[in-house]
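Here is the structure we will look at.
The values are calculated or read from the model by the stated rules, or taken from the named source; none is laboratory data. Fair warning: this is a prediction, and the values are worked out from it, not measured in the lab. We place every Cβ from the backbone using ideal geometry, glycine too, and count neighbours over all the protein chains shown. SASA here: full protein model, heavy atoms, side chains in, ligands and nucleic acids out. Shrake-Rupley method; radii C 1.70, N 1.55, O 1.52, S 1.80 Å.
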Amino acid sequence: MKTVSRRDVFKLAGAGSLALLLPALTRVGGGQAWADDNILDPESPQAKALGYVHHYDEVDAERFPRYEAGQICANCQLAQGDLSADWMGCSIFPGKLVAHDGWCNAWVLRAG
Ligand code: SF4
């Protein structure tokens, strides 16, 4: 019967850790690709209908007079996920990412 040394145990543990880490690292890389592919296109029909822009400086105030200074996606009730991130989810645009400083005509003040 072969005995297992402490060194063998550490080698196995290291290999096991790597095996556990690889899928996580793959998800991180895949997540970045997902994010880039899913940024909301302001030119898409739904985004255009709501006047979505990646930066509040670009709001067409004549077309969307309810816009007021200080309104951004990051303080909108409909934003989802990490509100301090550059890009975040939005319940109006499922599966898409909107900009931290973006805006659209569905903006609602975030509670709290
Ligand atoms: S609903 Fe809110 S979070 Fe979504 S795009 Fe419009 S302003 Fe941004």
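Rank these by accessible area, largest first, 1.4 Å probe: SER91, SER44, SER84. List each step's numbers first, then the result.
Values: SER91 60, SER44 30, SER84 95 Å².
Per-residue accessible area, sorted high to low, gives SER84, SER91, SER44.
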For ILE39, the residues 5 or more places away or on another chain with a placed amide H closer than 5 Å to its own amide H are LEU97
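I need the peptides 92-104, 55-67 ranked by packing, meaning the mean over residues of other C-beta atoms within 10 angstrom, with the highest value on top. All intermediate terms of the calculation are to be shown ahead of the outcome.
Details: 92-104: 19.8, 55-67: 12.3.
By packing density, highest mean first, the sequence is 92-104, 55-67.
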Sketch the reach of a paramagnetic label on ALA69 as a point 7 Å from Cα along Cα-to-Cβ, and name the residues of the stretch 79-112 whose backbone nitrogen lies under 19 Å away.
-> 101-104, 109
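Give, rounded to the nearest 20 debye, the magnitude of the charge dipole that the stretch 39-112 has about its Cα centre when Lys and Arg contribute +1 at Cβ and Asp and Glu contribute -1 at Cβ.
The dipole magnitude comes to about 320 debye.
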If you count the DSSP beta bridges with both ends in the stretch 39-112, what percent of them are antiparallel, to the nearest 5?
-> 90
For the stretch 69-78, what does the Karplus curve 6.51 cos²θ - 1.76 cosθ + 1.60, with θ = phi - 60°, yield as ³J(HN,Hα) per residue in whole Hz, taken in order and with x for Gly and Pro?
-> 3, x, 7, 9, 4, 5, 10, 9, 4, 8
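Enter the per residue convex hull volume of the stretch 39-112, computed from alpha-carbon coordinates, in Å³ rounded to the nearest integer.
Working: hull volume 5.9 nm³, N = 74.
Once divided by residue count, the hull of the stretch 39-112 is 80 Å³.
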